[in-house]
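Below is one structure, written out as structure tokens; the observations come after it.
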Amino acid sequence: MDDLQLIVSVARMYYQQGLKQEEIAKRVKVSRASISLILAEARRSGIVEITIRNPLEDNAELSRALCAQFGLARCVVVPTSIRETDILIDLTSSRATAVFDEEAKSGDTVGIAWGRTCQAFMSRYAARGFLHGMQVIPMIGGSNRNLERYQLNEMVRLFAEKLQATPSFIHAPALAASREDFDLYMGSSSMKAVMEMWRTIDVAVVSVGAPPVSREFDGSRVLAPRKKSAAPDALPIGDICARYFDVKGRFVEDELSSRIIGIPVESLRRIPKILCVAGGLEKAYSLLGALKTGLITILVTDEKTAAAVLEARGEDEAGQIGRSIASLFDQA
């Protein structure tokens, strides 16, 4: 028993805590050579099992389950045990660039959304040179937040350069100050041209935000009034192009949504291929709601998020998801 306890203790320090063999040897007062032998015995006896997850592969079981549950045309679940959001964004967005190349074709009009994941996708995209004659268009106006992931016109310009495509831009805010301002912007000749292009998008690249949606994308507070007037499962759990939806996949229609200068839901529904890239456990409920809108046709996510989405769907079917969401929003 003493030997087993030593093997487990050494294995934990080396594999879980990341200590070097020299450090472990000093702690347990044995030689470094003995630590190497103990680690070898831990693997031989099955105390330690090493699994290699290749992020270039796919967890076919989870992919099939998500396709079956949500009617997806395609799903890629990146094998990884990593939980850090930044790393997951890198892994999923990098994998999504290859999926995009497989799904897009020359002459396509490509719609782009904003956010950290979409920015990562466009930054990591490397043109292969076989796509040509394309157009790239933003699907939402600009934000007054000085973050790169909200500067969509610049993201579109850089992505179009990589594709050697023709970029289009929106010179209007994503959220009009008033309904009168909204009508002025939407009535302009430039916005009418953009709206026509929205109706011809062949492939769109989007992501979803993580709940709780306590602040609008321009920084204004939106949660307090919505909490007073909505049941937990009707609260905005995420958005696609600033079109907020609840966990049931129902789009939130209110005064604020009527001032969004962005692609309308009916135009989103016309897009043949919407590639959604989303990773991280904090996005499980958001991704569930997004999938239930029926907009997404292609999904790239990670293993833990995929499993969490399927678990959340089980909560929903059992009528228990309202309590989970209420607890989530109470912390905001």
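The table for this structure:
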quantity	calculated
Subset of the stretch 138-156 (residues that are more than 17 Å from Gly262 (Cβ to Cβ) and either over 22 Å from the mean Cα position of the chain (by Cα) or touching a residue at least 24 places away in the same chain (Cβ under 8 Å) (or both))	Glu148
Answer residue from the stretch 257-316, given it is hydroxyl-bearing (Ser, Thr, Tyr) and in contact with a Pro (Cβ under 8 Å, 6 or more places away or on another chain) and is farthest from Gly209 (Cα to Cα) among those	Thr297
Subset of the stretch 293-332 [touching a residue at least 12 places away in the same chain (Cβ under 8 Å), part of a helix (DSSP H, G or I) and of a type in the set (Gly, Ala, Ser)]	Ala306, Ala307, Ala308, Ala312, Gly322, Ser324, Ala326
Residue that is surrounded by 13 or more Cβ atoms within 10 Å (Cβ to Cβ), more than 20 Å from the chain's Cα centre (by Cα) and among the small types (Gly, Ala, Ser), where the choices are Ala160, Ala177	Ala160
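Okay, residues lined up against (1) farther than 27 Å from Ala104 by Cβ; (2) of a type in the set (Gly, Ala, Ser):
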residue: Glu148; (1), (2): no, no
residue: Leu152; (1), (2): no, no
residue: Met155; (1), (2): no, no
residue: Leu158; (1), (2): no, no
residue: Lys162; (1), (2): no, no
residue: Ile170; (1), (2): no, no
residue: Ser178; (1), (2): yes, yes
residue: Asp181; (1), (2): yes, no
residue: Met186; (1), (2): yes, no
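Yes/no matrix, rows are residues, columns are (1) free of Cβ contacts under 8 Å to residues at least 12 places away in the same chain; (2) assigned to a helix (DSSP H, G or I); (3) in the same structural domain as Ser207 (by TED's automatic domain parsing); (4) surrounded by 14 or more Cβ atoms within 10 Å (Cβ to Cβ):
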residue	(1), (2), (3), (4)
Lys26	yes, yes, no, no
Ile35	no, yes, no, yes
Ala40	yes, yes, no, no
Glu49	yes, no, no, no
Ala65	no, yes, yes, yes
Leu91	no, yes, yes, yes
Ala96	no, yes, yes, yes
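The values are calculated or read from the model by the stated rules, or taken from the named source; none is laboratory data. Just so we're clear, the structure is a prediction, and the values are computed from it rather than from any experiment. No Cβ is skipped: glycine too gets one built from the backbone with ideal geometry, and neighbour counts run over all protein chains shown.
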